Amino acid sequence: MAQMTEIEWTDATWNPVTGCTKIGRGCDNCYAARFAERWRGIPDHPYEQGFDLRLWPQRIEQPLTWRKPRMIFVNSMSDLFHKKVPRAFINSVFGVMERADWHVFQILTKRSSLMRNYVNKRYGDRGAPRHIWLGVSIEDRMHLGRLEHLQDTSAAARFISFEPLLGPIGKVDLDGIAWAIVGGESGPQARPMRKEWAIELRDACIAQNVEFFFKQWGGPRPKSGGRELEGVEWNGFPLHVVPQGILEQLSACSPARNNAAG
């Protein structure tokens, strides 16, 4: 079975890799690490090893068994482009995504240069298939280099997650980006997101014709502050990059698609 999720912008998660290591302040209060470490040392639990990196070869072909089309967030509990994930394993993941072309796969990484290099070598000028979406996480202006790496990645569907948004992004060139997700940090040590940071990104998306999705204000719990920005729930979704023939088959559980379609 697919691992269903409460993440608003996707339908399901697929974790052929779990665990990671922190590489920036956006990782300081990682929800995935906090969850996984609760189970460290529990025999036979999937997170018996806590948030240590682990490969799950037995999960590789899971999407091929899910016949109903869905949006699939790849490695919600890890980063596929972690330097310790073998290239052969990444090849296997991409091979399954290529075969399971009735789904849309959403890959999100902070290791943007490694993703760019891999994708450009694998696909060359023809680019990644349209049902494989490539994205980066950016928490503040200091990490805008990830955006540049994404823009240099050979793909038709690129997106950014500004979550947790920990500082102003400032003027930003979103050329080649289809979708931007913005959200505040959640959890017991959540750092606040300022309203003007989110508004600035929303306005940049509107001006540059990029779909804008406001995920949450964050706080002690993900929904502590709700999802409205200036009284509006922003559920932008990049319908234009969904391959023809897939959109109408996707499950109807995503508020992003429901609102975009309506």
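Selection of segment 133-192 for residues being touching a helix residue (DSSP H, G or I) at 6+ places or on another chain (Cβ under 9 Å), part of a helix (DSSP H, G or I) and surrounded by fewer than 16 Cβ atoms within 10 Å (Cβ to Cβ) yields 142, 145, 148. Close Cβ contacts (under 8 Å, 6 or more residues apart or on different chains) running from residues in segment 64-91 that are closer than 27 Å to residue 181 by Cα to residues that are part of a loop (DSSP other than H, G, I, E, B) and of a type in the set (Lys, Arg) comprise 79/110; 79/111; 81/111; 82/111; 83/111. Using the structure shown, decide if residue 204 is over 19 Å from the mean Cα position of the chain (by Cα), crowded, with 17+ Cβ neighbours inside 10 Å and either under 25 Å from residue 104 (Cβ atoms) or aromatic (Phe, Trp, Tyr) (or both). The answer is yes for residue 204.
Sort out which residues of segment 214-262 are modelled with pLDDT under 80 and among the charged types (D, E, K, R), and write them in order of number. Within segment 214-262, 248, 257 qualify.
Against the test of being crowded, with 18+ Cβ neighbours inside 10 Å and either among the aliphatic types (A, V, I, L, M) or modelled with pLDDT of 95 or more (or both), the options 107, 42, 7 yield a single qualifying residue, 107.
The values are calculated or read from the model by the stated rules, or taken from the named source; none is laboratory data. Please read these numbers as outputs of a predicted model, since none were measured by experiment. Ideal geometry is used to build each Cβ from the backbone, glycine not excepted, and the neighbour counts take in all protein chains shown.
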